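Okay, so here's the structure we're looking at.
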Amino acid sequence: MVYSNAAIEISGKSQIVGVMGWPVEHSLSPQMHNAAFTEMNLPFVYVPFAVRPANLETAISGLTALGMRGVNLTIPHKEAALSLVHELDESAARAGAVNTIVQKDGKLKGYNTDGIGFLKPLSNDGFKFEGGRAVILGAGGAARSAAFALVAQGMHVTLVNRTLERARALAEAVNEWSSNSSVDYVVLNSDESLRQIVGKSELLVNTTRVGMHPNETEPPPVSEEILHSGLFVYDLVYNPQETRLLQMARELGCRTLNGVRMLVEQGAAAFELWTGLKPDSSVMESAVLKGLQR
Ligand code: NAP
């Protein structure tokens, strides 16, 4: 991945932000953020940091030592970072993971912008949440952000996962927080029971890694019979931009959305936390799409 951006000027006034991951070479965040900093003429530079898990604590405390404005965290650091900041925003506490740190006056605050990133593309597309039903495939980190976000918007959610225990634990966590039983769960095994649940739902969200590069050709996480044309199908995978699930849904007449705009909106929310300014998300999206073509 190429990070050079000829328009970025580094001076004594430059502020550094970045992403810590292991590995981190695949990240599209440097192009995405640097494009927005350049477009807004802001004195910020976004840098990838390949941080081994054993070095995470030292790297995070280095943010203060170096006077950095903050960082994003990606796999495998999001959960470990929870105990490495001075304060947690409710978004991070709920998600059980930190994807953005802001440093101010030597204090580090952890946030999670995945929930906002997940919701915004849906609301921008005019999706109506209140009182509706959603099915989430998967019960990992992305499912957690999606489940909290949808329940907060007044939706009923069914979690469908191949490991029942993980779905149960997530359902319990969301139900405890929302103080009503908005989430239930089933195991991913029978097409018929899944068809009935999806048949009553307006939204199907894929948060599993099925169909993600380099496994584009693997069978979709659900079969075609389960879908119906009234369904909005949201696949959080962004590479490829059209998974087999999305292709199948589009051919059936469903409204569809891939994970590119979630990636952009979670980044835009982090950008705003660091700079206090709203970026032009179309500039960030173009940078991501360009990065995906490489
Ligand atoms: P994760 O925590 O590892 O969870 C993965 C989930 O997928 C688990 O529930 C797992 O089931 C399930 N799964 C994995 N392989 C499966 C298979 N072959 N069949 C059925 N279920 C399977 O991962 P994550 O962090 O939530 O990320 C999941 C996906 O979301 C990735 O594709 C990631 O790129 C995408 N994502 C996108 C964005 C974005 O901005 N667009 C942000 C975050 C994540 P078990 O519990 O049974 O193992």
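The values are calculated or read from the model by the stated rules, or taken from the named source; none is laboratory data. Source: prediction; values computed, not measured. Every residue, glycine as well, gets a Cβ built from its backbone with ideal geometry; the counts of neighbours run over all protein chains shown. Note: areas computed on protein heavy atoms with side chains; ligands, DNA, RNA excluded. Shrake-Rupley method; radii C 1.70, N 1.55, O 1.52, S 1.80 Å.
Listing for the model above:
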item	result
Residue within the stretch 261-270 that is β-branched (Val, Ile, Thr) and either in contact with an Asp or Glu (Cβ under 6 Å, 6 or more places away or on another chain) or within 19 Å of residue 28 (Cβ to Cβ) (or both) present	yes
Residue 172 vs. criteria open to solvent by 50 Å² or more (accessible area, probe 1.4 Å), outside any loop (DSSP other than H, G, I, E, B), farther than 27 Å from residue 93 by Cα and away from the ligand (no atom under 12 Å from the Cβ)	no
Given (1) open to solvent by 50 Å² or more (accessible area, probe 1.4 Å); (2) touching a residue at least 24 places away in the same chain (Cβ under 8 Å), number of the condition residue 196 does not satisfy	(2)
Where residue 246 falls short, out of the listed (1) at pLDDT 95 or above; (2) exposed (fewer than 14 other Cβ atoms within 10 Å of the Cβ); (3) outside the structural domain of residue 47 (by TED's automatic domain parsing)	(2)
When residues of the stretch 75-133 are limited to those that are basic (Lys, Arg) and closer than 23 Å to residue 261 by Cα, the one nearest to the ligand (Cβ to nearest atom)	78
Scan of the stretch 92-118 for residues that are outside any loop (DSSP other than H, G, I, E, B), under 13 Å from the mean Cα position of the chain (by Cα) and farther than 20 Å from residue 234 by Cβ, ordered by number	92, 100, 111
Those residues of the stretch 13-29 which are open to solvent by 40 Å² or more (accessible area, probe 1.4 Å) and either farther than 14 Å from residue 275 by Cβ or within 17 Å of the chain's Cα centre (by Cα) (or both), in sequence order	22, 23, 25, 26
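Conditions (1) over 23 Å from the mean Cα position of the chain (by Cα); (2) more than 19 Å from residue 109 (Cβ to Cβ); (3) assigned to a helix (DSSP H, G or I); (4) not β-branched (Val, Ile, Thr), marked per residue:
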position: 31; (1), (2), (3), (4): no, yes, yes, yes
position: 34; (1), (2), (3), (4): no, yes, yes, yes
position: 41; (1), (2), (3), (4): yes, yes, no, yes
position: 62; (1), (2), (3), (4): yes, no, yes, yes
position: 75; (1), (2), (3), (4): no, yes, no, no
position: 81; (1), (2), (3), (4): no, no, yes, yes
